[in-house]
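Contents: one structure, followed by commentary.
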Amino acid sequence: MSSPVRPKKSLGQHFLADKRVAMKVASCLENLSAYRHILEIGPGTGVLSHFLIDSHPDAWYGMEIDRESVDYLRAAYPKQDDRIIQGDFLRYDLQRLFGPDQFAVIGNFPYNISSQIIFRVLAFRAQVPELTGMFQKEVAQRIASPPGNKVYGILSVLSQAFYDVRVRFHIPPGVFVPPPKVMSSVLHMHRKKDFLLPCNEKLFFSVVKTAFNQRRKTLRNSLRSFIVDGGKLPPQYAGERPEQLSVKDFVSITQAISG
Ligand code: SAH
């Protein structure tokens, strides 16, 4: 099947060409009907958007960076004109769009920026109750990975601190035009009921990032610069490396080092 938009590699454009897969991705959003706002990142040629617009025309927004795709979508869905936003999800002023409201996030994400998309969603966690997205398989597995695993890292700990994360299913390259070189997976993230951490959250982010940026060092060494003002690293963690530790462990460490 050919695409109505010339696929651009630099924008990570691999358009979904299988409506059944699109429907399956859309149905991963558990509370779809409950949301006043559903933001699709990178709608492209709209195979996924189609279902969302059909079923929730007054909730759907599409944010797409590519002018050509935006023109195509506006022509295909004229009634949605003011909901099709030309913009970069990584920079767009989301508050301008949604104010303080909650919004669900969905998309067949551009793989070259999928980690950055997750970091931005985490920054907006107070407003994003649920996310369903297509990722490169390895990235989806990394985000959902339990501790004690080579791929367990910053994205896993930070995402799982606030969300229940699960890989839902895998998708072969052939359902996209053009096919990517990698396998894809659909990931689902549901915000935890109580998503406020019992510690300084800003410090928690920097502890996790610092520990994993030197993942071969023990915490005694990697977190040395955090131990000030009467805080201390609990002795049971001093000789550990970050990939062994759960979200709970990182919370305990954050509590202890803030004294
Ligand atoms: N959802 C579509 C397209 C997926 S390809 C489908 O399933 O067919 C990824 C899409 O993300 C492309 O349309 C690309 O132009 C868009 N994109 C890339 N970077 C973006 C960014 N920073 N902000 C918003 N959209 C982006």
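The values are calculated or read from the model by the stated rules, or taken from the named source; none is laboratory data. Only a predicted model underlies this, so the values are computations on that prediction, with no experimental measurement involved. All Cβ positions, glycine included, derive from the backbone under ideal geometry; neighbour counts span all protein chains shown. Accessible surface is based on the protein model in full, side chains and every heavy atom, while ligands, DNA and RNA are left aside. Shrake-Rupley method; radii C 1.70, N 1.55, O 1.52, S 1.80 Å.
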Inset, instruction - Report, largest value first, the span of the C-alpha coordinates of the stretch 121-236 along each principal axis, in whole Å. - result: 56, 32, 21
Inset, instruction - Once you've got the GNM for the chain with C-alpha springs shorter than 10 Å, pick whichever of A26, A126, A34 has the biggest mean-square fluctuation. - result: A34
Legend entry - Approximate spin-label separation H170-D88, in nm, with each point projected 7 Å along Cα-to-Cβ: 3.4
Inset, instruction - Beyond 18 Å, what share of the Cα-Cα pairs of the stretch 1-86 is found? Please give it as a whole percent. - result: 39
Inset, instruction - Would you work out which of G230, G44, F205 lies farthest towards the positive end of the dipole of the chain? Charges go on Cβ: Lys and Arg +1, Asp and Glu -1. - result: G230
Legend entry - Taking the stretch 80-198 and dividing mean pair separation by its residue count, relative contact order in percent (alpha carbons under 8 Å, at least six apart): 24
Inset, instruction - Determine the dipole magnitude for the stretch 171-259: charges of +1 sit on the beta-carbon of Lys and Arg, -1 on that of Asp and Glu, nothing else is charged, the reference point is the Cα centre, and the result goes in debye to the nearest 20. - result: 200
Inset, instruction - Please give the length that would be gained between R216 and S55 if that part of the chain were fully extended, namely 0.36 nm times their separation in residues minus their C-alpha to C-alpha distance (nm, one decimal). - result: 53.1 nm
Legend entry - Net lengthening on full extension, S33/F119 (0.36 nm per residue, minus Cα-Cα): 28.4 nm
Legend entry - Solvent-accessible surface ranking, highest first, for M183, M63 at 1.4 angstrom: M183, M63
Inset, instruction - Out of all DSSP beta bridges with both ends in the stretch 9-191, state the antiparallel percent to the nearest 5. - result: 55
Legend entry - Among V228, V151, V167, residue whose mean-square fluctuation peaks in a GNM of the chain (springs only between Cα atoms under 10 Å): V228
Legend entry - Expected 222 nm ellipticity per residue - DSSP helices of 4 or more, -39500 (n - 2.57), all of the chain, to 500: -9500 deg cm²/dmol
Inset, instruction - Step through the residues of the stretch 22-30 one at a time and calculate ³J(HN,Hα) from phi using the Karplus curve (6.51 cos²θ - 1.76 cosθ + 1.60, θ = phi - 60°), rounding each to whole Hz and writing x for Gly and Pro. - result: 4, 5, 5, 5, 4, 6, 6, 5, 5
Inset, instruction - Can you tell me the order of 250-257, 130-137 when each peptide is scored by its average per-residue count of other Cβ atoms within 10 angstrom, highest first? - result: 130-137, 250-257
Inset, instruction - Return the distance in nm (one decimal) between the two label points of a simple spin-label model at N200 and D81, each offset 7 Å from Cα along Cα→Cβ. - result: 5.2
Legend entry - Equivalent-ellipsoid semi-axes of the chain, from the Cα gyration tensor, Å, largest first: 37, 19, 15
Legend entry - Between the stretch 180-219 and the stretch 22-61, the Cα center-to-center distance that results, in Å: 26
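Please compute the contact order of the stretch 111-178 in relative form: average sequence separation of alpha-carbon pairs under 8 Å and at least six residues apart, divided by the residue count, as a percent.
Reported relative contact order: 28 percent.
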Legend entry - Net charge over other residues, Cβ less than 14 angstrom from the Cβ of V182 (K, R count +1; D, E count -1): +3
Legend entry - Relative contact order (%) - criterion: Cα under 8 Å, at least six apart; region: the chain: 17
